[in-house]
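The values are calculated or read from the model by the stated rules, or taken from the named source; none is laboratory data. Just so it is clear, the model here is predicted, and its values are computed rather than measured. Cβ sites come from the backbone with ideal geometry, for glycine too, and all protein chains shown count toward neighbours. The accessibility values were calculated without ligands, DNA or RNA, using every heavy atom of the protein model including side chains. Shrake-Rupley method; radii C 1.70, N 1.55, O 1.52, S 1.80 Å.
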Amino acid sequence: MTAELVRGQNHPLSQSRLEIRISAGTPVAAAAALGDENGRIHGTGWVAHPGAPVQPGLEVSRQAAADHRLAVDLDAMTDAVHRVSVLLALPAANAGAGPARFGSVAAPFVAVTGLDGTEVASYTITGLDLESAVVALELYRRQGAWKVRAVGQGYAGGLAELFADQGLSEAAQLAAGIDEAVAKGLARSVQAPPPRTPEGDRSRQAAAPAVGPDQGAASQGAPGPVPSAYGGQPAGGQGQGGPQPAYGGATDPHAPSGGPVDYSHPRRQTSAPPPPPPAAPPAQPGQPARPVAGDATGWSMEERLYNQVWGMFEDLARTAAAYRSAVDFAESRMDKELEQALSDPRSRIGGQGDTAREAARARYTQLVDQARASLDRDLDQLVAESEVVEPALPPAFARWDNPCWHAYRVPMEIPMALRLGDLRLPEAESIRIPMLLRLPLERGLWIDSGRTDSLDGSFTDSHDMRRLAMDTAVAHAARLLAVYPAGEFTVHVVDPAGSGAQALAPLTQTGVLAGPPAQGAAGVTEVLARLTQRVDLVQMALRGGAPDALPPGFDTSQQLLIVNDFPHGFDDRAVNQLRYLVDEGPSVGVHLMMVADREESAGYGPLLDPLWRSLLRLTAVPDDHLADPWVGHAWTYEPPSVPPGSEVLRQVLTQVAEARRTGNR
């Protein structure tokens, strides 16, 4: 499995013979520098570059190219070599033709692979601006083993500044020699390849476009699972190409005309490519490009915005991970320097020890300040992107305070996803990433009504917490009703003690529920039995290959059951029915939304644990419980909230109820 690195992150290497594959989207010069244990280059003979492409254990390209393969043999390195740095430079920075800074081209992608092409680690070098040379990554020796570290350190002064920073006295001469060697080979340099497809774009792993409007469901591809706090996967599907040409001009002996054989699938329909995304306005020199809403890939603006939000989530995750990694590195380096200073008895007392400690702390502060500056730069760009994306979101993706809700109309089609709230990280309090969940739902929701303290230190008593949890559940249910076409989503409510009557008022008073909220043990039994029977009937019809054989008047819409105040009114049989609905319901359109306190429900013991684990847990107050296995973040989830005093939720539900009555006549 490939390790996708972020700046400062490392990964062990289990092979000694490797390839470094580089894809930059524009011709670049590639080089590799050998360094000692301190990273210093001892002479020009320690650098493999287009003018001298072969060094012991190294071989690089002889000319500038958009794609490179560098050969590395770690076993061939001498004992004096402890570091191998992979360097990239824009040759046009000195030639005066083409891009002069990495900030104006696509982010370079670097991968470490085995000789069989299997990727070991990869790194997309983001955050570059005025730099014309960059240390992409380094292979370094640590305790007899080799590792790879993502570096991404850029230099606006080009290779001369880069080599000088690594202690090479002949930095200017070597940089000039490389420029001369590259200039001689520019006439035969490999030009940039065509723009990479969404499946191959490694700078931002955006979702692949969905199938075109003229393609049937049989040609749609299922999206691959991408577990994360974001609550969904990128959009699935494969774009279809045109008819395939005949192989080698072969002819079909049975064809009347003797023409070439058409090997394309007879039922595969072709479709036009998606329209190009909106173009960003030209940026001022030295300034990052201004963001544009919907500049991601996709067949529609909705899909482009979905993919753009997904990209914002990935960008924030990467830049925060890079900052944390840099701070950890600075702390470990300071600890090591302080330990070395204290290990010498002569430096423990007196000015020499104080000087060493002050120098270590100063270096720590410098590294942290540099990391914070890079983080702030990335966050400023994300804030600018969020400011243009948020107002452009459709109702399914938008907050309740978005003006698009005031122009709401009941949709004719199901959207790609649904907004369940916002996500943020402590390093970026000003940025909120929409948490979008793909539709149709693949798992139910658990609205936790037990937590009484929020991250800001405020305290909420248990009664208010239950009310907030039910308000959150109603907001989620209202949005589900609003984004589905009229009559294609049905909501049932179980409220055994009637404690949620106030929160449920928008649903009950507008008439969007399938029936009044069920109360008491008898009401719980009746609703669960009806939904369980529905799951059984649909499953039998599907397994028997007769989906049209359902009883007349059978409601084929998606079903949502809201359970409030669990476990009040539930016996063991009812709990087992709940588990059955959770396990079998989503595949046939029956979903569960629990509003309950996990601790109060613990009395059922292990019987309830599978139900708890299978539901997506949300909270009514901000909480950092959503784990991200991609980069290890704990994302803070903020639930959706209707602006105080706003009637937008009732207005939307009133339109939904009216559309149902009109459509059912």
Any residue in segment 7-25 that is within 26 Å of Q370 (Cα to Cα) sitting within a Cβ distance under 6 Å of a residue that is assigned to a strand (DSSP E or B) and among the aliphatic types (A, V, I, L, M)? List the pairs, counting only those 6 or more apart or interchain. R7/A150; Q9/A150; H11/A3; H11/A121; H11/V148; A24/A66
Kindly indicate the residue of segment 498-530 that is closer than 18 Å to N576 by Cβ and among the β-branched types (V, I, T) and also most open to solvent (accessible area, probe 1.4 Å) among those meeting that condition. T525
Out of V524, V538, sole residue that is under 29 Å from D471 (Cα atoms), in a helix (DSSP H, G or I), hydrophobic (A, V, I, L, M, F, W, C) and without any contact (Cβ under 8 Å) to a residue 60 or more places away in the chain: V524
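Matching residues to (1) part of a helix (DSSP H, G or I); (2) modelled with pLDDT under 80:
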residue	(1), (2)
I447	no, no
R451	no, yes
L455	no, yes
D464	yes, no
L468	yes, no
T472	yes, no
A475	yes, no
A478	yes, no
L481	yes, no
Of all the residues that make up segment 483-521, how many are in contact with a Gly (Cβ under 6 Å, 6 or more places away or on another chain), without any contact (Cβ under 8 Å) to a residue 60 or more places away in the chain and in a loop (DSSP other than H, G, I, E, B)? 1
So, in segment 10-40, of the ones that are of a type outside the set (D, E) and open to solvent by 70 Å² or more (accessible area, probe 1.4 Å), which residue ends up nearest to I125 (Cα to Cα)? P12
Of (1) more than 22 Å from G51 (Cβ to Cβ); (2) in contact (Cβ under 8 Å) with a residue 60 or more places away in the chain, L87 satisfies all except one. Which? (1)
Looking at E331, E390, E337 in this structure, which one is open to solvent by 20 Å² or more (accessible area, probe 1.4 Å), in a helix (DSSP H, G or I) and under 16 Å from L423 (Cα atoms)? E390
The correct count of residues that are surrounded by 15 or more Cβ atoms within 10 Å (Cβ to Cβ) and either touching a His at 6+ places or on another chain (Cβ under 6 Å) or not charged (D, E, K, R) (or both) in segment 131-155 is 17
Only one of R40, R83, R62 is touching a Gly at 6+ places or on another chain (Cβ under 8 Å), among the basic types (K, R) and within 17 Å of G177 (Cα to Cα), namely R62
